[in-house]
Amino acid sequence: GHLRFPHNRGTPRRITAMGYVGNNAANGVWMTLNGGQMAIAGASANTDVEPEFSGVKVDSGGYGILDCDYRTPQEAWAVGGGGTMYRSTDGGKTFKFDASADRIPGNLYTVKFFDDKTGFALGSDGVLMRYQG
């Protein structure tokens, strides 16, 4: 079997989601935090007991960011409260507001890319958005 060691999260805020940068553990770890914040750590986060996370620049206006996924190693999308959507083109270091979901009432809870052409965001009341390039 494998031994598992606890990892400190480096923040008092509640973590809402975590994943691998670029969907590859070798690239590091991202996490979304309560209060519309995100943080990212390098590949050492996979083995360090106290990994060094740094804040991600995202102007969420206080809306919670509930999930993030990478379409490509450089392009990531994040979704959250109030039907908000954000896009990064620098590997997840900074995110900018994307108006794709502006007319969606309610929250977007999860975003998932299956490859660079196929992606979906799921929201409240059965809202399902499809990535169209």
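The values are calculated or read from the model by the stated rules, or taken from the named source; none is laboratory data. The shown structure was predicted, so the numbers you read here are calculated from the model rather than taken from an experiment. When we count neighbours, we look across all protein chains shown, and the Cβ atoms used for this are built from the backbone with ideal geometry, even at glycine. Only protein heavy atoms, including side chains, enter the accessible area calculation; ligands, DNA and RNA are left aside. Shrake-Rupley method; radii C 1.70, N 1.55, O 1.52, S 1.80 Å.
Laid out as a table, the results:
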| quantity | calculated |
| --- | --- |
| Where trypsin sites (Lys or Arg not before Pro) fall in DSSP loop in the range 47-133, at most 11 other Cβ within 10 Å | ARG103, LYS117 |
| Under 19 Å from LYS96, Cα to Cα: aspartates and glutamates that are on another chain or at least 8 residues apart | ASP59, ASP67, ASP69, GLU75 |
| Per residue, in Å², the accessible surface of the chain once ligands and nucleic acids are set aside, probe 1.4 Å | 59 |
| The range 41-92 versus the range 100-127: alpha-carbon centroid distance in Å | 16 |
| Rg/Rg_globular for the chain, with Rg_globular taken as 2.2 N^0.38 Å and Rg from C-alpha atoms | 1.04 |
| Low-density loop positions, chymotrypsin sites (Phe, Trp or Tyr not before Pro), the range 38-133 - DSSP coil, at most 11 other Cβ in 10 Å | PHE114 |
| Signed unit charges on C-beta, dipole axis of the range 29-132, positive-most listed residue PRO73, MET31, GLN132 | GLN132 |
| Rg/Rg_globular for the range 60-133, with Rg_globular taken as 2.2 N^0.38 Å and Rg from C-alpha atoms | 0.99 |
